[in-house]
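Contents: one structure, followed by commentary.
Please treat every number below as a calculation from the coordinates, not as lab data. Here the structure is a predicted model, which is why all the values come from computation and not from measurement. Note: ideal-geometry Cβ built from the backbone for every residue, glycine included; neighbour counts use all protein chains shown.
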Amino acid sequence: MSFAYRSTVAVRRVLTRRPWLYWFAVVGLAAGLAAATEANLAAVRRARDTWGYTTAVWVATADIEPGQSVSGQAEMRPFANAMIPARAMTGSDPGGVARQRISKGEVITSVDITAGDNELSLVPVDWLAVVVAESPRSGATVGSAVRLAADGVMIADEALVIGEVDGSILVAVPEDVAPLIPLAAQSGTLTVLRVP
């Protein structure tokens, strides 16, 4: 006789003499299955609630370039809460100008716009604006992301063109690298690198 056969016979004898063990096992398995099913259903309900509830947010109705007014180019639309980005604009007309390019259909956030109406209002928080004289010109325009290098060394890993001043470009850079830009420009080795 095989071990499996002997084990099966032994289990049957025990269950025949003590039928309550069989029902105890059945009830235990049913309770475990019910608990697992309830946990899965609760997760489904939470996901459904997240997607089911909506909030009205401001959405761009046209492509908005940096420096352009947002007024008249956005409308309130309901979005599922799970799809709304952090700092999304709700409530009254956001007004102001675009700090960066906003595509049609994109939810407008407080990071995307600024209350001012000049190029200095496009400068991100904790950044400074510096004038960069280019020769030759890079072709960077307002809203272009660029990097600044001099003598083969990257001075600013991130920078943003925010305007033009007397044929030179006005570039916003992080505050800690701003003092290096005029020094590199004075040496004549400052290069504006376009970021794709």
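Once the C-beta distance of Thr141 and Ser110 is scaled by a Förster radius of 22 Å, the resulting FRET efficiency is 0.35 to the nearest 0.05. Put a plus charge on the Cβ of each Lys and Arg, a minus charge on the Cβ of each Asp and Glu, and nothing anywhere else: the dipole of the chain about its Cα centre is then about 2540 debye.
What relative contact order, as a whole-number percentage, does region 74-196 give when Cα pairs under 8 Å and 6 or more residues apart are counted? So the answer I get is 22 percent. Beta bridges assigned by DSSP with both partners in the chain are antiparallel in approximately 100 percent of cases. Along its principal axes, region 53-115 has C-alpha extents of 34, 19, 17 angstrom, given from the largest down. Of the trypsin sites (Lys or Arg not before Pro) found in region 97-160, those that fall in a DSSP loop while having at most 12 other beta-carbon atoms within 10 Å are Lys104, Arg137. Where the alpha-carbon atoms of region 119-194 are placed on the principal axes, they occupy 30, 25, 19 Å, in descending order. Sorted from greatest to least, the principal axis extents spanned by the alpha carbons of the chain come out as 101, 45, 24 Å. Annotation for Glu38 and Glu158: the two label points, set 7 Å from Cα along the Cα-Cβ direction, are 4.7 nm apart. Can you tell which of Pro136, Ser187, Val173 lies farthest toward the positive end of the dipole of region 119-194, using +1 and -1 charges on the Cβ of basic and acidic side chains (Lys, Arg; Asp, Glu)? Of Pro136, Ser187, Val173, it is Pro136. Gain on full extension, evaluated as 0.36 nm per residue between Ser71 and Ser92 minus their Cα-Cα distance, stands at 6.5 nm.
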